[in-house]
1. Taking a point 7 angstrom from the Cα of A335 along the C-beta vector, which residues in the range 138-170 have backbone N less than 20 Å away?
2. Quick one: Debye curve from the alpha-carbon atoms of the range 241-305 only, equal weights, vacuum; give me log10 I(q)/I(0) at q = 0.16 Å⁻¹ to two decimals.
3. Report, to two decimal places, the Cα Rg of the range 1-54 normalised by 2.2 N^0.38 Å (N = number of residues).
4. How are the alpha carbon pair distances in the range 235-274 distributed across 10 Å bins from zero to the largest one, expressed in percent?
5. How high is the FRET efficiency from V109 to Q268, r the C-beta distance, R0 25 Å, rounded to 0.05?
6. What is the ratio of the Cα radius of gyration of the range 1-138 to 2.2 N^0.38 Å, where N is its residue count, to two decimals?
7. What accessible area per residue, rounded to a whole number of Å², is obtained for the range 36-171 using a probe radius of 1.4 Å?
8. Order of 54-65, 27-38 by packing, highest average Cβ count within 10 Å first?
Amino acid sequence: MTTFVDRVELHAAAGNGGHGCASVHREKFKPLGGPDGGNGGRGGDVILVVDQSVTTLLDYHHSPHRKATNGQPGEGGNRSGKDGKDLILPVPDGTVVLDKQGNVLADLVGHGTSFVAGQGGRGGLGNAALASARRKAPGFALLGEPGESRDVVMELKTVADVALVGYPSAGKSSLISVLSAAKPKIADYPFTTLVPNLGVVTAGSTVYTIADVPGLIPGASQGKGLGLEFLRHVERCSVLVHVLDTATLESDRDPLSDLDVIEEELKQYGGLDDRPRVVVLNKIDIPDGHDLAEMVRSDLESRGYRVFEASAVSRTGLKELSFALAGIVAEARAAKPKEEATRIVIRPKAVDDAGFTVVREEDGLYRVRGEKPERWVRQTDFNNDEAVGYLADRLSRLGVEEKLMKAGARAGDGVAIGPEENAVVFDWEPTVMAGAEMLGRRGEDHRLEAPRPAAQRRRDRDAERDEAERAYDEFDPFQ
């Protein structure tokens, strides 16, 4: 059964905003109570937060679909809806968040570091918040916005100062078990280590972490064996330690050829050429191993490597190795630029920047793109004539009609607001901004030439009643 997962695809869905409420205060002896519809609540966010107690992405491998709660709708009596609860997803330290195209969205390093994977939708305004001097009793409210849905890829890159690399059964797990308090699984067969193991080492005043990366074999950078799956765990390290087996039983292997193979795989993977290298000739407690180590030491030193002879069984050479690695790690830490406080840069938008564009497409359609008009469209209840008229007023005040005219739009031309996959398309009819003076019954707007069937039926009934009353008044029983 899988117990370690370091790459998953997460389907994050933020909560939807609650709808605003259209309500009128009704109380005895208060015939003009006015609008009292409350606002809808905000939808919950989906937030990734680094938690030191989490070491794997296994939970998201089994449950990749995560959704925050929705905001509650507003109610009468000026009662606003409850906000949706944010969904906090704990992730391991060193998690990289990417989009489906492989672009890095966030690199989460350090306890408490967070990233909003899905933004909750805004709650819609109730009719109490929409009331104005011209529109004293709105018969509509704004809809809540849908929450953001996004698919992201999460990759775990172990945060370690030292990475042990080498062939399977080279003794990496044994070394980390004696250098630190880590207790990895150890056996005498290949691929004993199936997950990266982390240990904390103290050498004098320096404390550093060391990672045992699962064994590499030829072709690992192309996906053979376990190497490709775990090579990403060496990307953050300050120093690479080649653990070479001096007591291998395979006749076609020796420390120098093993080193060449592993270096070739690291080169093919890329991005690790600048890391200092250290070579550990392991298992010298075996007589043949000690002799072989003495034979290859000079060749390795001539290549520029610092060479250490060690044995996890007899613990020979471990102290020298530990302090040498501590020195390299300390130098790497000192060379890093000091972290500075994040500078807050405020870039206000230009006063005349309406924040939208109008583009005429090849098929003659005029497309309007912008945060405000697209959000206003999402919040509009198109079953309510007055709400549609309110949208027309907002677009006119923003300058959409003026830009359409400058772009060459004429009455009857098609206009789309929003992206191609989710746009509202209508035939444009130039209008003038108007307000309450053009409104009829609550929920209706006389600017719309094609009223809803229900509204038309009400008008027909009113006309029939007026005609009957007029006929009754003109009736003379004495004629």
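The values are calculated or read from the model by the stated rules, or taken from the named source; none is laboratory data. This is a predicted model, so every value here is computed, not measured. Note that we place each Cβ from the backbone using ideal geometry, even for glycine, and neighbour counts take in every protein chain shown. When the accessible area is computed, the model is the full protein with side chains, heavy atoms only, and any ligands, DNA or RNA have been set aside. Shrake-Rupley method; radii C 1.70, N 1.55, O 1.52, S 1.80 Å.
1. Correct set: 159-165.
2. Taken in order of the listed q values, log10 I(q)/I(0) reads -0.54.
3. Numbers: Rg = 22.9 Å, N = 54, 2.2 N^0.38 = 10.0 Å.
Rounded to two decimals, the normalised Rg is 2.29.
4. Taking all Cα pairs of the range 235-274, the binned fractions are 26, 47, 24, 3 percent.
5. Working: r = 26 Å, r/R0 = 1.03.
Here the calculated transfer efficiency is 0.45.
6. Values: Rg = 21.2 Å, N = 138, 2.2 N^0.38 = 14.3 Å.
Dividing the Cα Rg of the range 1-138 by 2.2 N^0.38 Å gives 1.48.
7. Details: 5800 Å² over 136 residues.
On a per-residue basis, 43 Å².
8. Numbers: 54-65: 15.3, 27-38: 13.8.
Most protected by this proxy first, the peptides run 54-65, 27-38.
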